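Notes for the one structure printed next.
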Amino acid sequence: MPIAAPLILRPATAADADLLAAMHAASWQATYRGLLPAAFLDREVGAERAAYWRARMEAPGAERRLVLIAELEADSNSETQADGAVRTPAGFVCVERQPESPWGVLLDNLHALPAHQGIGVGKTLMEAAQRWARGQGESQLYLYVLDGNAPAIAFYERQGWEYSGAEPDHMGGVDITALRYVYRLDARK
């Protein structure tokens, strides 16, 4: 399904921390239901993600990371931007160079909001992350996806990502398994 309105990708700033947190929480609430405790998703995830994004967007090392917000132009639910354009947030991506990682560049967050899934937002954000990583001279990206998140796993595999291992993690007050996927960058793209 093609994107109905023009999709704009813009760099996130520290002023976007609350927007990033709101999108992140909404994505987790829709996606992780049944994978993480309902009490965490219903009562804690918003504040937890807000603290996370405020700290992250103010943290040193911004030159090693790219955070982009995807916005759809002009519809009745949109917000007016500083430049006068009317846009609706549709998702975001965060990718970060990990100098000590044997896996390459970390695709740490890729979220298309539930109302905008299936129209190319995630794929557009992923392609932007891949271009950025190539521009940094990197040859591979990696990400983690929760075991049991079948829609995300299927999406990544359709995009050419390959499973490369599993690691224990802790999220929302419970132990989980995070599946690692890697994507080898083709320098010609």
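Exposure proxy shown here: for M171, M57, the number of other Cβ atoms within 10 Å sets the order, fewest to most, as M171, M57. Estimated from helical segments only, the mean residue ellipticity of the chain at 222 nm is -9000 deg cm²/dmol, where each DSSP H run of four or more residues counts as -39500 (n - 2.57).
Here the contact order of the range 7-184, divided by its residue count and restricted to Cα pairs under 8 Å and six or more residues apart, works out to 19 percent. Taking amide H atoms as placed 1.01 Å from N in the peptide plane, the amide H of V105 lies under 5 Å from those of Q140, L141, Y142, each 5 or more residues away in sequence or on another chain.
The Rg/Rh ratio for the chain is 0.94, where Rg is the radius of gyration of the alpha carbons and Rh is the Kirkwood radius. Whole-Hz Karplus values for the range 35-41 come out as 9, 10, x, 4, 4, 5, 5 Hz, taken residue by residue from phi with 6.51 cos²θ - 1.76 cosθ + 1.60 and θ = phi - 60°; glycine and proline positions read x.
Read the figures in this text as sums done on the coordinates, not as results from a lab. Note that this is a predicted model, so its numbers are computed, not measured. Here the Cβ is made from the backbone with ideal geometry for all residues, glycine too, and neighbour counts use every protein chain on show.
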